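Read through the structure below, which is laid out as C-alpha cells, and then see the notes.
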Amino acid sequence: MKIVNPSNNQVIKEIQEDSKDTIHQKYNKASDAQKDWQHSKLEDRLKIIAQFSALLEKECESLAKDLSDEVGKPLQEARNEVNGARGRIQFFIENAKKWLSPSLQNTAGNTAEELSFDPLGVIANISAWNYPFLVGVNVFVPALIAGNAVLYKPSEFATMTGLNIGRLLKEAGLPSGLFQVVVGDYHAGERLLELPLDGYFFTGSYKTGKYIAERVASKLVPVGLELGGKDPLYVTEDVQDLKQVAGAVAEGCFYNNGQSCCAVERVYIHEKVYDQFVPLFIEEVKSFTTGAITRSAHLDFLQKQVDDAVKKGAKLELGGRKGNADGSFFESTVLTNVNHEMLVMKEETFGPVIGLMKVKSDQEAIKLMNDCEYGLTASVYSKDIERAKKIISQVNSGTSYINCCDRVSPYLPWSGRNKSGLGSTLSYLGILAFARPRGWHIRS
Ligand code: NAD
C-alpha cells in the first residue's frame, strides 16, 4: 500500500497490507491476550494507559510529523491533535474507576443487589483519517480500560499514525497481542466484519457505517457509529460583536479545511445583520492559509457541489476551484444566495466550502436547520442565552452549542442522531459503551 503526502502527491513509503490469514492470526492473538487482561486489576490497566499518554507527549514531534505528512494537515494542528488526545485520555483515567467499579444498588429485603461490568471481549475499531488520534482514542482507550482486546483498523489514509499508536501502546506495557493494528483499506475492513467479534465501533461516513451495521446485525453484538454531519449554525440579530462572531464562525467552518465531522457546514444569518456579516466573514476567510485535502478523489466531489450551487443561482464570493496542481488543494470557498435545492446545503461537504443564507426569523432558521438528514451538532449565536436555548432545543442534534461551535469535550457524550450515528463515545456513556452490565442478586 502506497502512503502519499497529499500536499505534494509524493509517495512517502510503502507498507504491507494485512491478508485474510494475517488478520485471522491477529484475531487469535487478541482473543488469547484478552482472557488474562479481563482479569487484570483496573489500576494496572490505567497505569499502562497513563504511560501511553506520557509516550505521546515524549514523541509528540515525530508523531505530529507523520500525521502531517500522511493527511496533509499543518504541523501545528497535528501537534494540537496529539495533545488533545492526551486530554481525553486523562478524562478516561480519572473517571473509569467511578463508572466501572461494582456498586450496591439495593439493600432493602434480605437480598443484596449489585451491579458490575464485564468487558465485551474482542472488539473492532474501524477508524477515520481526519483526526486519527482523537477519534481512535475515543474508542480504543476506554475499550482497553474496560478489559477488551482491540483490532484497530486505521483509515488507509492514516496508516502510519495507526502503526505509531500500536507501537507506543506496546512500549507502554500493554500485554502482547491485546491491541492489533490491521493495515489496509476496505478489504481489510471487510475481513473484520467476517470475524466473530464482540463489538463493532466505527468512525466514518454514513454510507460505510450503515453497511457495517447491516452486515453485522445478525451477530447481536454492540455497534457504535460515529458518522458524518451537515452541522448548521444560526447568527441572530442581537449578537454584540459581529466581527468577533464572524471570525469564530469562519474558524468553525474552515478548521482542518472543513474536514471535521463537527465542522460548521451551513450558516444562517438573521436578515437584520446579514449584509454586515457577509463581508466580515469573507475577510476572515481570506486571511486563512489553505491546507491540503487528504483524499485527492474528494476534489471532484467539492467541485461538483460548487458547480451545482452556481448553476442553481448561488453567488460565488470567494474561491470555487481546485488549487495548486502539485498537491491536493481546493480554494477556500464562500457561497451566498444559496437555498436548500442546492447540494451544498443538504449533502455533507467535508471540505472548505460554505454556504451563507439569509433568514427572516428564528422560526425560519429552526425549520432550515432541521431540514437535513444528519443530526450531529448545531449552534446558535445570540446574546440572549434563553432565546438561544429555546431555538436550539427545537433542533434535532446530539450536541448543542451556544456562542461557540466545532468543539468536543470528553466530559460530554459525542453522539449523532439520524444519519450521524448510533450510540455515544466520550463521557461516562462512552466508558460504559465498552462493557456489559451484570446484575447480582446475593442472598447470604
Ligand atoms: P469512510 O467511511 O470512507 O472510511 C472509514 C473507515 O471504514 C476506513 O477505515 C475504511 O477503510 C473503512 N471501510 C470502508 N469501507 C469499508 C467496508 N466495506 N467494510 C469495512 N470497513 C470499511 O470514512 P472516512 O473518509 O475515513 O471519514 C470521513 C467521514 O467520517 C465523514 O463523513 C466524517 O463526518 C466522519 N467522521 C465522523 C466522526 C464522528 O465522531 N461523528 C469523526 C470523524 C469523522
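The values are calculated or read from the model by the stated rules, or taken from the named source; none is laboratory data. Fair warning: this is a prediction, and the values are worked out from it, not measured in the lab. Methodologically, a virtual Cβ is constructed for each residue, glycine included, from the backbone with ideal geometry; neighbour enumeration extends over all protein chains shown.
Couple of notes before you dig in:
- When the test is whether a residue is in the same structural domain as residue 301 (by TED's automatic domain parsing), among the small types (Gly, Ala, Ser) and within 16 Å of the ligand (Cβ to nearest atom), residue 258 passes it.
- Residue that is nearest to residue 319 (Cα to Cα) [pool: residues in the range 295-306 that are surrounded by fewer than 21 Cβ atoms within 10 Å (Cβ to Cβ) and in contact with a strand residue (DSSP E or B) (Cβ under 9 Å, 6 or more places away or on another chain)]: 303
- Residues of the range 363-390 that are under 15 Å from residue 239 (Cα atoms) and buried (at least 20 other Cβ atoms within 10 Å of the Cβ): 379, 380, 381, 382, 388.
- Counted residues, the range 402-444 - those being free of Cβ contacts under 8 Å to residues at least 60 places away in the same chain and out of contact with any helix residue (DSSP H, G or I) (no Cβ under 8 Å at 6 or more places or on another chain): 6
- Listed by position, the helices (runs of 4 or more DSSP H) inside the range 127-212 whose residues that are in contact (Cβ under 8 Å) with a residue 12 or more places away in the chain and in contact with a Lys or Arg (Cβ under 6 Å, 6 or more places away or on another chain) number at least 1 are 132-145, 186-194.
- Taking the range 65-94 as the range and being closer than 25 Å to residue 11 by Cα, touching a helix residue (DSSP H, G or I) at 6+ places or on another chain (Cβ under 7 Å) and of a type in the set (A, V, I, L, M, F, W, C) as the test, the residues that pass are 67, 75, 78, 82.
- A single member of 214, 237, 190, 194 is out of contact with any Phe, Trp or Tyr (no Cβ under 8 Å at 6 or more places or on another chain) and either of a type in the set (S, T, N, Q) or away from the ligand (no atom under 16 Å from the Cβ) (or both), and it is 237.
- Candidate set from the range 376-404 (those that are within 15 Å of the ligand (Cβ to nearest atom) and among the hydrophobic types (A, V, I, L, M, F, W, C)); member that is farthest from the chain's Cα centre (by Cα): 378
- Selection within the range 417-444 - surrounded by fewer than 21 Cβ atoms within 10 Å (Cβ to Cβ) and β-branched (Val, Ile, Thr): 442
- Selected residue (only one of 292, 250 is buried (at least 23 other Cβ atoms within 10 Å of the Cβ), in contact with an Asp or Glu (Cβ under 9 Å, 6 or more places away or on another chain) and closer than 23 Å to residue 77 by Cβ): 250
- For residue 118, the test of being loosely packed, with under 15 Cβ neighbours inside 10 Å, within 10 Å of the ligand (Cβ to nearest atom) and in the same structural domain as residue 93 (by TED's automatic domain parsing) is failed.
- Per the listing 31, 7, 19, 40, the residue uniquely under 25 Å from the mean Cα position of the chain (by Cα) and polar (S, T, N, Q) is 7.
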